[in-house]
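Written out below as structure tokens is the structure these notes cover.
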Amino acid sequence: MPPVFRFAPSPNGYLHLGHAYSALLNYDLARDSGGRFLLRIEDIDATRCRVEFEQAIYEDLAWLGIAWETPVRRQSEHFAAYRAAIERLSAERLVYPSFESRAEIARLVADRESASAWPRDPDGAPLYPGTAKSLSAEQRDRLIGQGGPFALRLDMAAACARTGGLRWQEDGEGPAAKTGNVAARPEAWGDVILARKETPTSYHLSVVIDDTLQGVTDVVRGVDLFWSTSVHRLLQELLGLPVPAYRHHTLIRDAAGQKLSKSTRATGLRELRAEGASPADIRRLVGLL
């Protein structure tokens, strides 16, 4: 079977040079290996994703000379698949609801950090500090029945005990030049959110489901997602999903050395195109020509 690569942007803003690098790299790898290139629209965030941004993605990629298979998979059209995975994990008692708001969680973290440092995940966010895991089934049902918001979290300790040590094959390079056979550290993320009341999935869950259903064999993405692979390996193991090869690439940064943002107009593809840049210019700017 030929290798399958994918580019999976979220339509919550216009593409910039960093997106162009990742899309072109995936497209080139697929072309050079005789493989397939897929485009996936990760639009689970209904509050931020907009139709005009999705249309702009198609326009920008076509302008760059990138062709993709159709139909394009849009995550918002496949909530049933993610819900089924949540139900499976719930049946195995690996998921529980938490009810604290973001403000309440921030206060809990502040209270704990007044005494000593509170652990944080690889992205720098504090681990979940609440006690929802200790609620009884009756208490959980009562709180859900009251109609308030809640998040569905993975019981990380129970999940890690179920799977044992996990690894992945890294064909790129992560922080501290990590490459090759890498040990996963899902416990570093704490009890991650897998879904919310209003959205039956999260990035972590939907990405592993989508990669499986689309037959993706090679995940090529930015190094900022390197340690997220630990959570993805855990979910793959729990759900019995195949494991693709991973290749994390360097990020395109601005003049101050910061990761590019969709609000950074100076590196936006639409702005660069309006200023007269060509697709070849974009390739030169990201180091692919």
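Just to be sure, is residue 268 at pLDDT 95 or above and among the small types (Gly, Ala, Ser)? Step through it out loud before you land on a result.
On the way: at pLDDT 95 or above: no; among the small types (Gly, Ala, Ser): yes.
Answer is no for this residue.
Count, please, the residues in region 172-219 that happen to be aliphatic (A, V, I, L, M), over 14 Å from residue 153 (Cα atoms) and within 12 Å of the chain's Cα centre (by Cα). Reasoning before the result, please.
Going through region 172-219, the residues aliphatic (A, V, I, L, M) turn out to be 176-177, 182-184, 188, 192-195, 205, 207-209, 213, 216, 219.
If we keep only those that are over 14 Å from residue 153 (Cα atoms) as well, we get 176-177, 182-184, 188, 207-209, 213, 216, 219.
From the residues that got through so far, the ones that are within 12 Å of the chain's Cα centre (by Cα) too are 207-209, 219.
Total meeting the criteria: 4.
If you check every pair at least six apart or on different chains, which have Cβ atoms under 6 Å apart with a residue in region 189-218 that is modelled with pLDDT of 95 or more first and a residue that is open to solvent by 10 Å² or more (accessible area, probe 1.4 Å) and of a type in the set (Phe, Trp, Tyr) second?
Going by the 6 Å Cβ cut-off, the qualifying pairs are 190/128; 191/128; 218/5.
Which ones in region 267-289 are assigned to a helix (DSSP H, G or I) and either open to solvent by 80 Å² or more (accessible area, probe 1.4 Å) or touching a residue at least 60 places away in the same chain (Cβ under 8 Å) (or both)? Please lay out each step first, then the result.
At the first step, the residues of region 267-289 found to be assigned to a helix (DSSP H, G or I) are 267, 269-274, 279-285.
Passing the criteria: 267, 269, 270, 272, 273, 274, 279, 282, 283, 284, 285.
Taking residue 195 as meeting all but one of (1) part of a helix (DSSP H, G or I); (2) within 30 Å of residue 99 (Cβ to Cβ), write down the number of the exception.
Unmet for residue 195, out of (1) part of a helix (DSSP H, G or I); (2) within 30 Å of residue 99 (Cβ to Cβ): (1).
Of everything in region 119-144 that's surrounded by 12 or more Cβ atoms within 10 Å (Cβ to Cβ) and in contact with an Asp or Glu (Cβ under 9 Å, 6 or more places away or on another chain), which residue is farthest from residue 90 (Cα to Cα)?
126
For region 234-247, does any single residue satisfy the condition of being touching a Leu at 6+ places or on another chain (Cβ under 7 Å), open to solvent by 10 Å² or more (accessible area, probe 1.4 Å) and free of Cβ contacts under 8 Å to residues at least 60 places away in the same chain?
At the first step, the residues of region 234-247 found to be touching a Leu at 6+ places or on another chain (Cβ under 7 Å) are 234-235, 237-238.
Then drop every residue that is not open to solvent by 10 Å² or more (accessible area, probe 1.4 Å), which leaves 237-238.
Restricting the remaining residues to those that are free of Cβ contacts under 8 Å to residues at least 60 places away in the same chain gives none.
No: region 234-247 contains no residue that is touching a Leu at 6+ places or on another chain (Cβ under 7 Å), open to solvent by 10 Å² or more (accessible area, probe 1.4 Å) and free of Cβ contacts under 8 Å to residues at least 60 places away in the same chain.
Pick from region 153-206 the residues that are under 22 Å from residue 120 (Cβ atoms) and among the hydroxyl-bearing types (Ser, Thr, Tyr): which of them is least open to solvent (accessible area, probe 1.4 Å)?
202
Inside region 234-262, can you point out the residues that are within 20 Å of residue 175 (Cβ to Cβ) and either part of a helix (DSSP H, G or I) or touching a Phe, Trp or Tyr at 6+ places or on another chain (Cβ under 9 Å) (or both)?
234, 245, 246, 248, 249, 250, 251, 252
Examine region 19-28 for a residue that is in a strand (DSSP E or B) and either modelled with pLDDT under 95 or touching a helix residue (DSSP H, G or I) at 6+ places or on another chain (Cβ under 7 Å) (or both), and state whether such a residue exists.
Of the residues in region 19-28, the ones in a strand (DSSP E or B) are none.
No: zero hits.
Find the residue count for region 1-13, including only residues that are surrounded by fewer than 21 Cβ atoms within 10 Å (Cβ to Cβ) and touching a Leu at 6+ places or on another chain (Cβ under 7 Å). If you could, list the steps in order and put the result at the bottom.
Within region 1-13, the first condition is being surrounded by fewer than 21 Cβ atoms within 10 Å (Cβ to Cβ), and the residues that meet it are 1-4, 10, 12-13.
From what's left, touching a Leu at 6+ places or on another chain (Cβ under 7 Å): 4.
Of the residues in region 1-13, 1 are surrounded by fewer than 21 Cβ atoms within 10 Å (Cβ to Cβ) and touching a Leu at 6+ places or on another chain (Cβ under 7 Å).
Of the numbered conditions (1) at positive phi; (2) crowded, with 18+ Cβ neighbours inside 10 Å, residue 257 fails exactly one; give the number of that condition.
The single condition residue 257 does not satisfy is (2).
Of the residues 191, 141, only one is out of contact with any His (no Cβ under 6 Å at 6 or more places or on another chain) and farther than 17 Å from residue 231 by Cα; which? I'd like the intermediate steps shown before the answer.
Details: 191 fails: farther than 17 Å from residue 231 by Cα.
After ruling out the rest, the residue left standing is 141.
Name the single residue that is nearest to residue 186 (Cα to Cα) among those in region 220-233 being open to solvent by 10 Å² or more (accessible area, probe 1.4 Å) and in a helix (DSSP H, G or I).
233
Among the residues of region 37-68, how many are at pLDDT 95 or above and open to solvent by 70 Å² or more (accessible area, probe 1.4 Å)?
As a first pass, look at region 37-68 and keep what is at pLDDT 95 or above: 37-44, 49-68.
Next, from what is left, pick out any that are open to solvent by 70 Å² or more (accessible area, probe 1.4 Å): 50-52, 55, 59.
Here the count works out to 5.
Of all residues in region 69-89, how many are without any contact (Cβ under 8 Å) to a residue 24 or more places away in the chain and open to solvent by less than 60 Å² (accessible area, probe 1.4 Å)? Give the derivation first.
Going residue by residue through region 69-89, those that are without any contact (Cβ under 8 Å) to a residue 24 or more places away in the chain are 70-71, 77, 80, 84, 87.
This time we only want the ones that are open to solvent by less than 60 Å² (accessible area, probe 1.4 Å), so: 84.
Looking only at that region, the number is 1.
Taking region 37-60, which residues are without any contact (Cβ under 8 Å) to a residue 40 or more places away in the chain and either basic (Lys, Arg) or closer than 13 Å to residue 8 by Cα (or both)?
37, 39, 41, 43, 48, 50, 58
Go through region 35-60 and give me each residue that's of a type in the set (Gly, Ala, Ser) and either closer than 20 Å to residue 194 by Cβ or part of a loop (DSSP other than H, G, I, E, B) (or both). Reasoning before the result, please.
Our first condition is that a residue be of a type in the set (Gly, Ala, Ser); within region 35-60, this holds for 35, 46, 56.
Residues satisfying the conditions are 35, 46.
The values are calculated or read from the model by the stated rules, or taken from the named source; none is laboratory data. All values derive from a computational prediction rather than experimental measurement. Note that each Cβ is placed from the backbone with ideal geometry, even for glycine, and that neighbours are counted across all protein chains shown. Surface accessibility is based on the protein's heavy atoms, side chains included, excluding ligands, DNA and RNA. Shrake-Rupley method; radii C 1.70, N 1.55, O 1.52, S 1.80 Å.
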